[in-house]
Amino acid sequence: MNRVYFEKSIERLEIASWQINNNSTKTLGSTLYFALFNFMQAILSHPPEGRWKHIGINRRFAKYCVENNIMDRIKLRNLYDAYEKLYFYRIKGDYTDKVYSPAEIRELIVIFEFIREVIEQWEK
């Protein structure tokens, strides 16, 4: 495991927690997206072709987990889906002048809790 990327994922989760607690959620999707992206980087370490691409890392991570029987398949499917949702939330948060709706914020909080649980379990 790459500790630097793992620590980045933890740091981004702490930032996300602050955002939620302070109702400062305009970039929450982006923060969570990169928390999960850094977590996957930490587990996979070196990319096959120079650097990780945003969509490719999700597929590679899922394949790695299945091949090594690392994560329950249902949890892995949920993580895969969360990553795909966060990709679009990131675009909305970073590249548009739109804000998340109350329903989207609730979904982001659920995703936050799930990602935090996965990363904390991995750390043990």
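The numbers here are math on the coordinates, done by the rules we state, and not lab data. Because the structure is a prediction, the values reported are computed rather than measured. We place every Cβ from the backbone using ideal geometry, glycine too, and count neighbours over all the protein chains shown.
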Quiz item: From the set of residues in the range 2-29 that are hydrophobic (A, V, I, L, M, F, W, C) and loosely packed, with under 13 Cβ neighbours inside 10 Å, which is nearest to I111 (Cα to Cα)?
Solution: W18
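Which residue, of L108, L36, L32, is farther than 21 Å from R3 by Cα, crowded, with 19+ Cβ neighbours inside 10 Å and either in contact (Cβ under 8 Å) with a residue 60 or more places away in the chain or in contact with a strand residue (DSSP E or B) (Cβ under 6 Å, 6 or more places away or on another chain) (or both)?
Numbers: L36 fails: farther than 21 Å from R3 by Cα; L32 fails: farther than 21 Å from R3 by Cα.
Sole residue among the options that is farther than 21 Å from R3 by Cα, crowded, with 19+ Cβ neighbours inside 10 Å and either in contact (Cβ under 8 Å) with a residue 60 or more places away in the chain or in contact with a strand residue (DSSP E or B) (Cβ under 6 Å, 6 or more places away or on another chain) (or both): L108.
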Quiz item: Out of all the residues in the range 56-74, is one or more over 28 Å from A103 (Cβ atoms) and aromatic (F, W, Y)?
Solution: yes
Practice problem: Scan (1) of a type outside the set (D, E, K, R); (2) more than 12 Å from Y87 (Cβ to Cβ); (3) buried (at least 17 other Cβ atoms within 10 Å of the Cβ) for the single condition I74 breaks and write down its number. | Solution: (3)
